[in-house]
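Read-outs: derived from the displayed coordinates by stated rules, not from any lab. Remember, it's a predicted structure, so these values are computed and weren't measured experimentally. A quick note on method: Cβ atoms are made from the backbone with ideal geometry, for glycine too, and the neighbour counts reach across all protein chains shown.
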Amino acid sequence: MKSKLSSLGGLVYSTDAGRMCPGCRQPVAQCICGQKPVPSGDGIVRVSRETKGRGGKAVTLVKGLALDAAALAALGKQLKAACGTGGTVKDGVIEIQGDHVDKVMASLQAAGHKVKRAGG
């Protein structure tokens, strides 16, 4: 039975530590194998507004940034400060609370990114 379970790929998420690295099977924050994937994109940053699954509250999403986790967190912090609101970085996507698509697009263009508005 154990051989069948190991062929499935192993532990992906733990309630104690959160996301797990598939290579070294450690929490992502304590990964020792160095396999922190940097998302590759087409060079275009897409900014959209979403309310789905958030109780009707609007959130501005920034996707398509080919940055490592530390740079993505720093950019997220700058965007939150520019908008004067909170937010987070999850799975390579920056989430800014509220409808701030125009402000975020202006900040990203000023930083030299190629930006497109996504969604309706």
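Quick notes on this one:
- Scanning the range 68-101 for residues that are over 15 Å from Arg46 (Cβ atoms) and in a strand (DSSP E or B) yields Gly87, Thr88, Val89, Lys90, Gln97.
- Screening Gly87 with (1) farther than 22 Å from Ala29 by Cβ; (2) buried (at least 19 other Cβ atoms within 10 Å of the Cβ) gives one miss only, at (1).
- Cβ-Cβ under 9 Å pairs, at least 6 apart or on other chains, the range 60-81 side under 8 Å from Ile96 (Cα atoms), far side surrounded by fewer than 14 Cβ atoms within 10 Å (Cβ to Cβ) and of a type outside the set (S, T, N, Q): Leu61/Gly119; Lys80/Gly86
- Of all residues in the range 42-66 being surrounded by fewer than 16 Cβ atoms within 10 Å (Cβ to Cβ) and of a type in the set (A, V, I, L, M, F, W, C), the one that is nearest to the chain's Cα centre (by Cα): Ala66
- The set of residues from the range 102-120 being part of a strand (DSSP E or B), under 21 Å from Gly84 (Cα atoms) and not hydrophobic (A, V, I, L, M, F, W, C) comprises just one member, Arg117.
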